[in-house]
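Below: the structure, in structure tokens.
The values are calculated or read from the model by the stated rules, or taken from the named source; none is laboratory data. Just so it is clear, the structure is predicted and the values come from calculations on it, not from any experiment. Ideal geometry is used to build each Cβ from the backbone, glycine not excepted, and the neighbour counts take in all protein chains shown. For accessibility, only protein heavy atoms count, side chains too; no ligands or nucleic acids. Shrake-Rupley method; radii C 1.70, N 1.55, O 1.52, S 1.80 Å.
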Amino acid sequence: MFVMPVEQTLRKAAEEIERGDLASLLRARQRLVGLVTSYPGRLDLRDRLAAVYRLLGDAAQAGRWSYLSEVRDEAEVAAFERAYRTPLARLEAMNWVSGESGATTQTARDRLVALQGEADAQLRAELSVADDRDSSWGTNVLVLLGLVIVLLCFVVGAVTLVMWVYRWFTG
């Protein structure tokens with residue numbers, strides 16, 4: 001299997017972007033997606049991928065990949081935020097694996113910290129709702145009683161089956 005070096009892949013993608021036809025743009029997008037997957041911390045690759053999505057007319061994906069950039073189109077960011085409605089979904093969609101310390105620019109670090117804070121607040125809110133929905137003692141007792149009844153039915157059924165099989169063989 002042949003693995004193309006990053007710079008060579010970038011040159012190929014640039015040539016395909018320059019051609020400008022849909023098939024070439026889709027190939028360039030695929031090359032850049034592969035690079036961003038392999039090197040998720042490289043902001044320059046994310047910017048190039050955003051540019052391809054821009055050419056393809058996909059504002060949400062352009063906003064997704066330019067979210068951490070120094071210069072970004074706020075309409076694209078808004079489209080990304082509409083497509084990925086929660087902070088946690090946006091954080092996961094960006095495929096950023098190295099935390100804010102892995103960001104090479106202060107802007108990217110600031111945006112990651114802000115988004116992580118929003119995601120943390122979302123998780124805390126979801127957990128507090130889950131805590132509010134915890135069952136009362138009465139409900140827990142009813143569930144336990146139901147499980148005991150099911151277990152008893154199982155035991156009675158098993159004993160009945162064993163007795164039936166025994167009678168069948170001893171006849």
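Mind listing whichever residues of the range 75-113 are open to solvent by 40 Å² or more (accessible area, probe 1.4 Å), assigned to a loop (DSSP other than H, G, I, E, B) and among the hydrophobic types (A, V, I, L, M, F, W, C)?
Of the range 75-113, the ones open to solvent by 40 Å² or more (accessible area, probe 1.4 Å) are 75, 81-86, 88, 92, 95, 97-98, 100-101, 104, 106, 109-111, 113.
Next cut, assigned to a loop (DSSP other than H, G, I, E, B) only: 84-86, 95, 97-98, 104.
Within the range 75-113, just 97 meets the criteria.
Give me the pairs, please: first residue somewhere in the range 5-25 and in contact (Cβ under 8 Å) with a residue 12 or more places away in the chain and under 14 Å from residue 49 (Cα atoms), second residue anywhere and assigned to a helix (DSSP H, G or I) and of a type outside the set (A, V, I, L, M, F, W, C), beta-carbon distance under 6 Å, and either six or more positions apart or on two chains.
Listed pairs, sorted by first residue: 9/31; 13/31; 16/24; 16/27.
With respect to residue 49, determine if the residue is open to solvent by 60 Å² or more (accessible area, probe 1.4 Å) and either among the β-branched types (Val, Ile, Thr) or in a helix (DSSP H, G or I) (or both). Let's see the steps before the verdict.
Details: open to solvent by 60 Å² or more (accessible area, probe 1.4 Å): no; either among the β-branched types (Val, Ile, Thr) or in a helix (DSSP H, G or I) (or both): yes.
So residue 49 fails the test.
Kindly list the number of the only condition in (1) surrounded by fewer than 20 Cβ atoms within 10 Å (Cβ to Cβ); (2) under 24 Å from the mean Cα position of the chain (by Cα); (3) of a type outside the set (Phe, Trp, Tyr) that fails for residue 62.
(1)
Within the range 48-59, work out how many residues are without any contact (Cβ under 8 Å) to a residue 24 or more places away in the chain and either over 13 Å from residue 13 (Cα atoms) or in contact with a His (Cβ under 8 Å, 6 or more places away or on another chain) (or both).
In the first step, residues of the range 48-59 are kept if they are without any contact (Cβ under 8 Å) to a residue 24 or more places away in the chain; the result is 49, 54, 57-59.
Checking the rest, the ones that are also either over 13 Å from residue 13 (Cα atoms) or in contact with a His (Cβ under 8 Å, 6 or more places away or on another chain) (or both) come to 54, 57-59.
The number of residues fulfilling the criteria is 4.
Of the numbered conditions (1) more than 22 Å from the chain's Cα centre (by Cα); (2) open to solvent by less than 80 Å² (accessible area, probe 1.4 Å); (3) not basic (Lys, Arg), residue 168 satisfies every one except a single condition; which is it?
Single failed check for residue 168: (2).
Condition test on residue 143, is it assigned to a loop (DSSP other than H, G, I, E, B) and either open to solvent by 40 Å² or more (accessible area, probe 1.4 Å) or hydroxyl-bearing (Ser, Thr, Tyr) (or both)?
On the way: assigned to a loop (DSSP other than H, G, I, E, B): no; either open to solvent by 40 Å² or more (accessible area, probe 1.4 Å) or hydroxyl-bearing (Ser, Thr, Tyr) (or both): yes.
In short, no.
Answer yes or no as to whether residue 81 is free of Cβ contacts under 8 Å to residues at least 24 places away in the same chain, farther than 26 Å from residue 37 by Cβ and touching a helix residue (DSSP H, G or I) at 6+ places or on another chain (Cβ under 9 Å).
On the way: free of Cβ contacts under 8 Å to residues at least 24 places away in the same chain: yes; farther than 26 Å from residue 37 by Cβ: no; touching a helix residue (DSSP H, G or I) at 6+ places or on another chain (Cβ under 9 Å): yes.
No, not satisfied.
Condition (residue is in contact (Cβ under 8 Å) with a residue 24 or more places away in the chain and either open to solvent by 30 Å² or more (accessible area, probe 1.4 Å) or assigned to a helix (DSSP H, G or I) (or both)) applied to the range 123-130: is it met by at least one residue?
Taking the range 123-130 and keeping what is in contact (Cβ under 8 Å) with a residue 24 or more places away in the chain, we get 123.
Subsequent filtering for residues that are either open to solvent by 30 Å² or more (accessible area, probe 1.4 Å) or assigned to a helix (DSSP H, G or I) (or both) retains 123.
Yes, some residue in the range 123-130 is in contact (Cβ under 8 Å) with a residue 24 or more places away in the chain and either open to solvent by 30 Å² or more (accessible area, probe 1.4 Å) or assigned to a helix (DSSP H, G or I) (or both).
For the range 8-66, name all the residues that are among the β-branched types (Val, Ile, Thr) and within 18 Å of residue 91 (Cα to Cα). Explain how you work it out, then say what you get.
Step one: list which residues in the range 8-66 are among the β-branched types (Val, Ile, Thr), which gives 9, 17, 33, 36-37, 52.
Of everything in the range 8-66, those that are among the β-branched types (Val, Ile, Thr) and within 18 Å of residue 91 (Cα to Cα) turn out to be 33, 36, 37.
Go over the candidates 70, 7, 15 one by one and state the one that is touching a Ser or Thr at 6+ places or on another chain (Cβ under 6 Å), open to solvent by 80 Å² or more (accessible area, probe 1.4 Å) and acidic (Asp, Glu).
70
Just to be sure, is residue 72 in a helix (DSSP H, G or I) and among the basic types (Lys, Arg)?
no
Based on what the data block shows, is residue 105 touching a Ser or Thr at 6+ places or on another chain (Cβ under 9 Å), at negative phi, polar (S, T, N, Q) and touching a residue at least 40 places away in the same chain (Cβ under 8 Å)?
yes
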